[in-house]
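For reference, the structure is listed below as structure tokens.
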There are 2 protein chains.
Amino acid sequence: MKFQLIHKDPGSSARTGRIDTRHGSFYSPVFMPVGTGGTVKGVHKRELKEDINAPIILGNTYHLYLRPGIDVLEKAGGLHAFMNWDRSILTDSGGYQVFSLAEIRRIKEQGAFFQSHIDGSKHTFTPENIVDIQRIIGSDIMMALDECTPYPCDYKYAEKSLGLTHRWLDRGIRQFRETNPKYSHEQSFFPIVQGSVYKDLRIRSAEYIAEKGMDGNAIGGLSVGEPVEDMYAMTEVVNSILPEDKPRYLMGVGTPANILESIALGVDMFDCVMPTRNGRNGMIFTSEGIINIKNAKWKNDFSPIDPGTEIFTSKQYSKAYLRHLVISNEMLGAQIASIHNLHFYLWLVGEARIKILSGEFSTWKNQIVKKLSARL
Amino acid sequence: MKFQLIHKDPGSSARTGRIDTRHGSFYSPVFMPVGTGGTVKGVHKRELKEDINAPIILGNTYHLYLRPGIDVLEKAGGLHAFMNWDRSILTDSGGYQVFSLAEIRRIKEQGAFFQSHIDGSKHTFTPENIVDIQRIIGSDIMMALDECTPYPCDYKYAEKSLGLTHRWLDRGIRQFRETNPKYSHEQSFFPIVQGSVYKDLRIRSAEYIAEKGMDGNAIGGLSVGEPVEDMYAMTEVVNSILPEDKPRYLMGVGTPANILESIALGVDMFDCVMPTRNGRNGMIFTSEGIINIKNAKWKNDFSPIDPGTEIFTSKQYSKAYLRHLVISNEMLGAQIASIHNLHFYLWLVGEARIKILSGEFSTWKNQIVKKLSARL
């Protein structure tokens, strides 16, 4: 993987760059649709590629490991072949899912012990086998196993957890260096900064991670319930330490406003389930603000979902029609909302890139953030 | 609506013809995907049009009347505008759903009284208001309100019910003749032959209906649990009476084999939820036979879903991938299966048309029926 910094915004820490993997080149800031278990929920590969035009998607190691299982993925020749996706893939390390989904879990020095949320079967993720699993998945960017602390989290636990995350990182990097890709493309390995909402821990973690010299660096453990000011403050302090010549990935963030504010703080890569998960529930992100499509006010509104966007779903379907589908629990409602919202998120980071290049990012961001957050 | 008989098969009662509505021309035998509440479940309009290439779809009056409601449909300018579908639409009369879905129902001379399965609200369908509702929906082909008898059904009840269905038909035809389309296109009105599995009742009903001289005629009350031999026997006797110069529509039928056998008996139009409903549950109809995609045997089968078809879903996704999606209850699994199965059904009736034209229908049908019914 290569990262080339193209332009820095004069009025903020925002920057645009180019990321090259063996599955394509794309520009940052970038938003990665979440393809949980080998599928972006409700979205055909063709739509993801041709309509949403996603250059990179995210896969969840936890889900893929449980289903279809690494035996199937290995026989398929990796996740790219299994889901027939020839662009880039980043996989998380499964740490977050173990803490949020698994039935019973125990964290030990060795790794995370948990029971599957599907059938209760027992499994272990270690810093080493998480590398091995992601070698089999064949993602272009693999993530280190970390402990994602919850919010709130007392200082003592956060500090202790951070030590573990750092020791796990070293073991993960060793495994990464001692193993080779299973397929014909190289893989990168990103460490994750933790430290809850404690500035000194975040600094310690960012310094620890920066000096590993990996291809890119991630910020984890945010957007887990803390006040948004804390999220921005932690991101800012971490980004002041993480190297400028490597992409910075803020995991699991967030609303359109969160994304623009974090771009202003120097973040390059994002992923979030919000456009798809909230979309399935009727929340539609548009260039004019946020729509709750279930509201009665859209019942007889036969105008396009978002006249400001070019995606086919917005041109071909009306608000009233989408409202009917979502209220009736029709799959097509979730499908339309997911495609629309993902297209909107990718349009948004694309606009951000243009504004960074033209030097207007800060002014534009401050104007549009208010508009995008408005409830229509 | 116009129907032009093009060719009759020398070895059976199969025939091919051309149907013209104000929303397009298409050839029969034809299969109509079921678009229950203004959507073919899990299928985008674009896929229905460009990939599945459906010239006509079916809408359920019962569902549309309850949601989004006729007020919304009227304001939208009818169902074509509401769902942005510019090809033909046939709507059923709601009779079948009242009997199969509604919470509480009572059949009186005046009409069917029922409570919504959604919110328990009370409603009445009469032969007249069913015409009015379908005028508002604006379907190209409207159906008469009938009583769909269950199976088994004793002779006495079937005879009594048939009398009611015929009286309702006369009232429906009167309402149809005394009202005008609400939009710029004309609408046709099809009566429905009933009579359970009793040959004399079916003859009586077919004769009664044939002499109404409507644009087309339907056969209802079959595929409700009776032995398949009874279904074919009833279809055969009814088709020997229904006029040859009008399309014959066998409602709610059926498996690929049912469809081919019924084409051989002179049926021109079909609809069935099987390709979508069974598809969502993992039943895949292919040119080689029926697949239960949940079976372990497909776990590592990375071959196309059906190498024999041209649809994008079959080219882009493998059996192993589809199996994973269906087992994981991923929406995309239901979407792929629905598109695949609908494409298969439309391909099948298309092949039937070609074989009727070339005079090979009976030989071909007898060969392929065995293959299509095989469990792979």
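The values are calculated or read from the model by the stated rules, or taken from the named source; none is laboratory data. All values derive from a computational prediction rather than experimental measurement. Quick reminder, even Gly has a Cβ in these numbers, built from the backbone with ideal geometry, and neighbours come from all protein chains shown. Only protein heavy atoms, including side chains, enter the accessible area calculation; ligands, DNA and RNA are left aside. Shrake-Rupley method; radii C 1.70, N 1.55, O 1.52, S 1.80 Å.
Run A:Ala210 past the list (1) touching a Lys or Arg at 6+ places or on another chain (Cβ under 6 Å); (2) on the phi < 0 side of the Ramachandran plot and report the number of the one that doesn't hold.
It is condition (1) that A:Ala210 fails.
Return a yes/no flag: does the stretch B:94-111 have any residue that is open to solvent by less than 10 Å² (accessible area, probe 1.4 Å) and assigned to a strand (DSSP E or B).
There is no residue in the stretch B:94-111 that is open to solvent by less than 10 Å² (accessible area, probe 1.4 Å) and assigned to a strand (DSSP E or B).
Please specify each residue of the stretch B:302-327 satisfying the condition of being in contact with a Lys or Arg (Cβ under 7 Å, 6 or more places away or on another chain) and part of a strand (DSSP E or B). Let's see the steps before the verdict.
Going residue by residue through the stretch B:302-327, those that are in contact with a Lys or Arg (Cβ under 7 Å, 6 or more places away or on another chain) are B:303-305, B:312, B:316, B:320, B:323-324, B:326-327.
B:Pro304 - this is the single residue of the stretch B:302-327 that is in contact with a Lys or Arg (Cβ under 7 Å, 6 or more places away or on another chain) and part of a strand (DSSP E or B).
Within the stretch A:262-282, which residues are part of a helix (DSSP H, G or I) and surrounded by fewer than 22 Cβ atoms within 10 Å (Cβ to Cβ)? If you could, list the steps in order and put the result at the bottom.
Taking the stretch A:262-282 first, the residues part of a helix (DSSP H, G or I) are A:262-264, A:274-280.
Once the filter is applied, which keeps residues that are part of a helix (DSSP H, G or I) and surrounded by fewer than 22 Cβ atoms within 10 Å (Cβ to Cβ), the stretch A:262-282 yields A:Met274, A:Arg277, A:Asn278, A:Arg280.
Is it the case that the stretch B:173-187 has a residue that's within 25 Å of B:Val267 (Cβ to Cβ), open to solvent by less than 10 Å² (accessible area, probe 1.4 Å) and among the polar types (S, T, N, Q)?
Looking through the stretch B:173-187, none of the residues is within 25 Å of B:Val267 (Cβ to Cβ), open to solvent by less than 10 Å² (accessible area, probe 1.4 Å) and among the polar types (S, T, N, Q).
Out of A:Gly254, A:Gly225, A:Gly213, I need the residue that is open to solvent by less than 10 Å² (accessible area, probe 1.4 Å) and small (Gly, Ala, Ser). Which one?
Details: A:Gly225 fails: open to solvent by less than 10 Å² (accessible area, probe 1.4 Å); A:Gly213 fails: open to solvent by less than 10 Å² (accessible area, probe 1.4 Å).
When all the criteria are applied, what remains is A:Gly254.
Could you grab me the full set of residues in the stretch B:22-51 that are among the polar types (S, T, N, Q), within 14 Å of another protein chain (Cβ to nearest Cβ) and open to solvent by 10 Å² or more (accessible area, probe 1.4 Å)? Steps first, answer last, please.
Filtering the stretch B:22-51 for residues among the polar types (S, T, N, Q) gives B:25, B:28, B:36, B:39.
Narrowing further to those that are within 14 Å of another protein chain (Cβ to nearest Cβ): B:36, B:39.
Selection gives B:Thr36 alone.
Any idea which of (1) closer than 25 Å to B:Met269 by Cα; (2) surrounded by fewer than 22 Cβ atoms within 10 Å (Cβ to Cβ) is the one B:Glu147 doesn't satisfy?
For B:Glu147, the exception is condition (2).
One line per residue, one yes/no per condition, for (1) open to solvent by less than 40 Å² (accessible area, probe 1.4 Å); (2) facing chain A (nearest Cβ under 8 Å); (3) in a helix (DSSP H, G or I); (4) at positive phi:
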{"site": "B:Ile284", "(1), (2), (3), (4)": "yes, no, no, no"}
{"site": "B:Ile290", "(1), (2), (3), (4)": "yes, no, no, no"}
{"site": "B:Lys294", "(1), (2), (3), (4)": "no, no, no, no"}
{"site": "B:Asn300", "(1), (2), (3), (4)": "no, yes, no, no"}
{"site": "B:Gln335", "(1), (2), (3), (4)": "yes, yes, yes, no"}
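Return the residues of the stretch B:61-77 that are crowded, with 22+ Cβ neighbours inside 10 Å and more than 10 Å from chain A (Cβ to nearest Cβ); say none if nothing qualifies.
Within the stretch B:61-77, B:Thr61, B:Tyr62, B:Tyr65 qualify.
Filter the stretch B:79-96 for residues that are of a type in the set (S, T, N, Q) and within 16 Å of B:Pro68 (Cβ to Cβ); which is farthest from the other protein chains (Cβ to nearest Cβ)?
Start the filter on the stretch B:79-96 by keeping residues that are of a type in the set (S, T, N, Q), which leaves B:84, B:88, B:91, B:93.
Filter once more, keeping what is within 16 Å of B:Pro68 (Cβ to Cβ): B:84, B:91.
Values: B:Asn84: 5, B:Thr91: 16 Å.
That would be B:Thr91.
Looking at the stretch B:312-333, which of its residues are facing chain A (nearest Cβ under 7 Å) and closer than 20 Å to A:Arg277 by Cβ?
The answer is B:Leu325, B:Ser328, B:Glu330, B:Met331, B:Leu332.
May I ask you to verify whether B:Ile136 is over 21 Å from the mean Cα position of the chain (by Cα), open to solvent by 10 Å² or more (accessible area, probe 1.4 Å) and β-branched (Val, Ile, Thr)? First the steps, then the outcome.
Values: over 21 Å from the mean Cα position of the chain (by Cα): no; open to solvent by 10 Å² or more (accessible area, probe 1.4 Å): yes; β-branched (Val, Ile, Thr): yes.
Answer is no for this residue.
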